[in-house]
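J.: Let me give you the structure first, and then I'll get to my questions.
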Amino acid sequence: MKAWQRWVFGVLAAVVALSGGSYCWMKYFIESSDPMAVVNHPWQPTMLHLHVLASPPFILMFGILLDSHIMKRLGRRQVPNRRSGLLSLGTFAVMVISGYWLEVVTNEAWLKGLVVAHIASGVVFSATYVIHLLISVWLVRAGRFEPAHEAA
């Protein structure tokens, strides 16, 4: 994996996580003082737009990492940091599928389930991705793991 791929994926992951978390907080945990308000916070639409617009490039970068990093390690058994990587991979799939379905489902019960699945998988993905990065940095610094990346 090239350095620019790690950097761009990390930045996009942060933008998607922070905009999604901000939107979730504004939509579900803030109450507007105006009973006629459509949004609970003035930045709520902006956070949703940022989240929706940053997600496709994030998914594209994930596809690039799938080819350059993930697929090369899936078949191996003795790969350090495997558990956090596999958990990130699984929750990423749930997060993306539930996010796309949120855009098209109209049934109220399905929407509630998709919201829960999307938020939960997004939180777990974000946490496991950060853990995966921290463990990787620790392994490289400890000399226990040589990252398989090409020169940028």
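J.: Give all pairs with beta carbons closer than 7 Å in which a residue from region 83-95 that is over 16 Å from PHE9 (Cα atoms) meets a residue that is surrounded by fewer than 20 Cβ atoms within 10 Å (Cβ to Cβ) and of a type in the set (Gly, Ala, Ser); count only pairs at least 6 apart in sequence or on separate chains.
T.: VAL94/ALA117
J.: Go through region 53-70 and report how many residues are of a type outside the set (Gly, Ala, Ser) and within 26 Å of GLY143 (Cβ to Cβ).
T.: Residues meeting the conditions: 3.
J.: Identify all residues within region 23-45 that are among the polar types (S, T, N, Q), surrounded by 15 or more Cβ atoms within 10 Å (Cβ to Cβ) and out of contact with any Phe, Trp or Tyr (no Cβ under 7 Å at 6 or more places or on another chain); write none if there are none.
T.: Once the filter is applied, which keeps residues that are among the polar types (S, T, N, Q), surrounded by 15 or more Cβ atoms within 10 Å (Cβ to Cβ) and out of contact with any Phe, Trp or Tyr (no Cβ under 7 Å at 6 or more places or on another chain), region 23-45 yields only ASN40.
J.: Please go through region 75-88 and give me each residue that is of a type in the set (A, V, I, L, M, F, W, C) and surrounded by fewer than 17 Cβ atoms within 10 Å (Cβ to Cβ), ordered by number.
T.: VAL79, LEU86
J.: Does region 95-152 hold any residues that are modelled with pLDDT of 95 or more and over 22 Å from the mean Cα position of the chain (by Cα), and which are they?
T.: THR106, ASN107, GLU108, ALA109
J.: Name every residue in region 97-106 that is in a helix (DSSP H, G or I) and either touching a helix residue (DSSP H, G or I) at 6+ places or on another chain (Cβ under 6 Å) or among the polar types (S, T, N, Q) (or both), in order of residue number.
T.: Answer for region 97-106, where residues must be in a helix (DSSP H, G or I) and either touching a helix residue (DSSP H, G or I) at 6+ places or on another chain (Cβ under 6 Å) or among the polar types (S, T, N, Q) (or both): SER98, GLY99, TRP101, LEU102.
J.: Just need a number here: residues in region 2-19 that are loosely packed, with under 15 Cβ neighbours inside 10 Å and free of Cβ contacts under 8 Å to residues at least 12 places away in the same chain.
T.: 2
J.: Looking at region 94-112, which of its residues are surrounded by 14 or more Cβ atoms within 10 Å (Cβ to Cβ) and small (Gly, Ala, Ser)?
T.: SER98, GLY99
The values are calculated or read from the model by the stated rules, or taken from the named source; none is laboratory data. Computed from a prediction, not measured in an experiment: that's the story for all the values here. Neighbour counts are summed over all protein chains in view; Cβ atoms, including those assigned to glycine, are modelled from backbone coordinates with ideal geometry.
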